[in-house]
Each structure stands twice: as structure tokens, then as C-alpha cells.
1. What relative contact order, as a whole-number percentage, does the chain give when Cα pairs under 8 Å and 6 or more residues apart are counted?
2. Where does segment 6-117 land on the Kirkwood hydrodynamic radius, alpha-carbon pairs, in angstrom?
3. So what's the back-of-envelope 222 nm ellipticity for the chain, counting only DSSP H runs of four-plus at -39500 (n - 2.57) apiece and dividing by all residues, rounded to 500?
4. Based on the mean of other Cβ atoms within 10 Å per residue, sort peptides 82-94, 55-67 so the most packed one is first.
5. Grab the chain and count how many Lys pairs have their alpha-carbon atoms under 25 Å apart, sequence gap of 8 or more, or different chains.
6. Based on alpha-carbon positions alone, could you give the equivalent ellipsoid semi-axes of segment 1-70 from the gyration tensor, as √(5λ), descending, whole Å?
7. Ranked from highest to lowest mean number of other Cβ atoms within 10 Å per residue, what is the order of the peptides 28-41, 96-109?
8. May I ask you to give the solvent-accessible area per residue for the chain, in square angstrom, as obtained with a 1.4 angstrom probe?
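The values are calculated or read from the model by the stated rules, or taken from the named source; none is laboratory data. This one's a predicted model, so the numbers in the text were calculated from it and none came from an experiment. As a convention, Cβ positions derive from the backbone with ideal geometry for all residues, glycine included, and neighbour counts pool all protein chains shown. Side chains are part of the model used for accessible areas, which takes the heavy atoms of the whole protein and leaves out ligands, DNA and RNA. Shrake-Rupley method; radii C 1.70, N 1.55, O 1.52, S 1.80 Å.
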Amino acid sequence: MSVKVTFLPMRKEITVKQGTTLLQAGRRAGVHIPTRCGGKAGCLMCKVTVQEQERKNLSDPSTAEINKLGTWLNEGTRLACQAVIRDSVVVELPEDKLKAAIRKQLEKQQAERDELW
């Protein structure tokens, strides 16, 4: 059975077969999900967030995920390399660190300009 995966914030959608990992779906959709360990739950770089109502649409966390993520699991964080898609799901990727730094700097500059006026 095919299911839809939506990656936020870019709103990229792809249809994949059940049993596909989020990392595989992201690669097929052309969505960059960083990883160094090759999908072995070793690097923690492929963290994504899934809203509470969507969590049932993914496999239960693997032992490796439980050991690596701990309490982050309660906040909806999953490892894309371990989370297997059961049903259609919306996944949020963290903001790229460089883009986040640039955005924060621009916001700071704007706030400083606003103070002058």
C-alpha cells in the first residue's frame, strides 16, 4: 500500500510504499536529511519531529532510538533512519544551522533598526 509523506517546512510531498524509512522517503523526494552513519542510528544527525497525532503512523521506536534519544522521544523526535512509515505522515525537519544563524543575525539587525526609529 502506498502512503503520503509530507516534509515541512518545504512542504515537499512524496508517495512511498509502507515500510519505507523516513530517510529513504526523504532521499527519494530530494529532501536533504543529514546523516553520517549510513542509517545505523549512530550519529543522531537525522533527527526529525512528528506531531503527537501523527506518531502512530510510524513504527514504534527501535531499541537504538530509545537508547539514543531518551526523553526526546516524548517530544516527538525520531531518527529518520529508524522510523518506518506505516501510514501517511507529516514530518518536520529542523532548520539548517547556517540558515538559522543568518536568520537570527538578520532579525537582530532589524530589531536594532526598529529601536532607532
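1. The value is 32 percent.
2. Over segment 6-117, the inverse of the mean reciprocal pair distance is 15.2 Å.
3. -9000 deg cm²/dmol
4. Values: 82-94: 18.8, 55-67: 14.7.
The packing order, highest mean first, is 82-94, 55-67.
5. Value for the chain: 26.
6. Its equivalent ellipsoid spans semi-axes of 19, 15, 12 Å.
7. 28-41, 96-109
8. Details: 7770 Å² over 117 residues.
Result: 66 Å² of accessible area for each residue.
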